[in-house]
Amino acid sequence: MNENHHTRLTSSEIAALWSSYQNNSMSVCIFKYFIENVGDPEIESIINYALKISEKNLILSEKILKEDNHPIPVGFSNKDVSPSAPRLYSDTYYLYYLKNMAKVGLSVYGVALATSAKTSVREFLSQAIQTSTDLYNKTADLLLSKGLFVRPPYVSTPAEVDFIDQKNYKGGLLNINRRPVNVIEITHVYANIVTNLTGQILLMGLAQVAKSKNVREYCLKGIDIAQKHIKEFSSILTKDDIQVPMPSDLEVSNSTLAPFSEKLIMFQSSLLIQSSTSNYATAAAASLRTDISATYVRLAAEVATYASNGVNIMIENSWLEEPPQTIKREH
């Protein structure tokens, strides 16, 4: 269906396209580096697929913005990446990184599609969702075939259906006489463990190659936060005798030669924080045990403070590109 008259982009459509350009220009840089430092041909094939997706999304978002006479973001370019820099991460980590980024893409593009009206924008976002789905499935299939896919915990459940008939099902903040975690709560807790672990490994490498003291210390602080959150989430499961499966072979080399610019390092860190904040909010809403939802709220506040400190570093170094905003009428 084609629109029979020209309509301007709405604020949410501009936001979706602007963010897509920023994120995909960063991803192009990262995947170009990964390709130069991967050993497994099957993993290289998936990285190539991810690179082509990002390049296509970059071109399409730029095209739609130009058609509506909007300025094109600066984003990231070849000057932000050194593909020839020594390997920093293991092949297995590449797969977990791709899996996580595909999951982020599904969430971000899904929200954007639900707030868009213009046909060309919805078509762009719909294909972006499809390619993110394909990337996730390709990555998951390869992890499974290599015996590297770490599944969420298996649990035994009752044989019959029941309804909640007591208010104390929610428990309290003191966690006295708590009930066991349910499968919905386990899903979110484990997902946040894996996400934090993926972010922790990424920041370990970035801290190792960061040139400036502020950026290095910021990455190190992020590692501490991720380790703390993994410990807290793991304890929720282990208190109910649920084993916490963890990925292995997510290694960082001893290289200190930076493959990315400081600007890209901070932007990637910011993207991780945004994802964590969204994940925690969703998990808190889905958790019926009061102590678990309170844990998410408390940890989200810590993440928000960390994010604010990162924004300050980016502003101080003129690395933070300003999103489109409304005109100041008084001027």
Exception for ILE327 within (1) among the β-branched types (Val, Ile, Thr); (2) open to solvent by 60 Å² or more (accessible area, probe 1.4 Å); (3) in a helix (DSSP H, G or I) falls at (3)
State yes or no: is ASP224 farther than 19 Å from THR198 by Cα and either in a helix (DSSP H, G or I) or out of contact with any helix residue (DSSP H, G or I) (no Cβ under 6 Å at 6 or more places or on another chain) (or both)? no
* Asked: Does the range 260-280 contain any residue that is open to solvent by 60 Å² or more (accessible area, probe 1.4 Å) and under 18 Å from the mean Cα position of the chain (by Cα)?
  -> yes
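Given the criterion assigned to a loop (DSSP other than H, G, I, E, B), in contact with a Leu (Cβ under 9 Å, 6 or more places away or on another chain) and not aromatic (Phe, Trp, Tyr), identify the matching residue among MET246, MET266. Lay out the reasoning, then the answer.
On the way: MET266 fails: assigned to a loop (DSSP other than H, G, I, E, B).
That would be MET246, the only listed residue that is assigned to a loop (DSSP other than H, G, I, E, B), in contact with a Leu (Cβ under 9 Å, 6 or more places away or on another chain) and not aromatic (Phe, Trp, Tyr).
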The residue from LEU98, LEU148, LEU142 that alone is part of a loop (DSSP other than H, G, I, E, B) and closer than 18 Å to PRO247 by Cα is LEU148
If you go through ILE186, ILE176, ILE193, the only one that is out of contact with any strand residue (DSSP E or B) (no Cβ under 8 Å at 6 or more places or on another chain) and either part of a loop (DSSP other than H, G, I, E, B) or modelled with pLDDT under 90 (or both) is ILE176
**Prompt:** Residue check: is VAL150 of a type in the set (Val, Ile, Thr), open to solvent by 30 Å² or more (accessible area, probe 1.4 Å) and within 17 Å of the chain's Cα centre (by Cα)?
**Reply:** no
Filtering the range 104-116 for residues that are surrounded by 14 or more Cβ atoms within 10 Å (Cβ to Cβ) and more than 28 Å from TYR93 (Cα to Cα) leaves a count of 4
* Asked: Before we move on, is PRO245 open to solvent by less than 20 Å² (accessible area, probe 1.4 Å) and either more than 27 Å from VAL81 (Cα to Cα) or in contact (Cβ under 8 Å) with a residue 12 or more places away in the chain (or both)?
  -> no
Contact list, first residue from the range 117-142 and at negative phi and open to solvent by less than 60 Å² (accessible area, probe 1.4 Å), second anywhere and basic (Lys, Arg) and part of a helix (DSSP H, G or I), beta-carbon distance below 7 Å, six or more apart or interchain, is THR139/LYS99; ALA140/LYS99
Of the residues in the range 13-60 that are charged (D, E, K, R) and over 23 Å from TRP319 (Cα atoms), the one that is surrounded by the most Cβ atoms within 10 Å (Cβ to Cβ) is GLU13
Expected single match for hydrophobic (A, V, I, L, M, F, W, C), part of a helix (DSSP H, G or I) and out of contact with any His (no Cβ under 9 Å at 6 or more places or on another chain) among ALA258, ALA304 is ALA304
(Q) Quick check on the range 10-26. Is at least one of its residues modelled with pLDDT of 95 or more and within 20 Å of LEU257 (Cβ to Cβ)? (A) yes
Among residues of the range 291-305 being surrounded by 17 or more Cβ atoms within 10 Å (Cβ to Cβ) and of a type in the set (Ser, Thr, Tyr), the residue nearest to GLN268 (Cα to Cα) is TYR296
Contact list, first residue from the range 303-325 and more than 15 Å from SER261 (Cβ to Cβ), second anywhere and assigned to a loop (DSSP other than H, G, I, E, B) and open to solvent by 70 Å² or more (accessible area, probe 1.4 Å), beta-carbon distance below 9 Å, six or more apart or interchain, is VAL311/LEU320; PRO324/PRO71
request  = Tell me, yes or no, whether the range 206-220 has at least one residue that is more than 23 Å from SER77 (Cβ to Cβ) and either within 15 Å of the chain's Cα centre (by Cα) or not in a helix (DSSP H, G or I) (or both).
outcome  = no
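The values are calculated or read from the model by the stated rules, or taken from the named source; none is laboratory data. Just so it is clear, the structure is predicted and the values come from calculations on it, not from any experiment. Note: ideal-geometry Cβ built from the backbone for every residue, glycine included; neighbour counts use all protein chains shown. Side chains included, ligands, DNA and RNA excluded: accessible areas come from the protein's heavy atoms. Shrake-Rupley method; radii C 1.70, N 1.55, O 1.52, S 1.80 Å.
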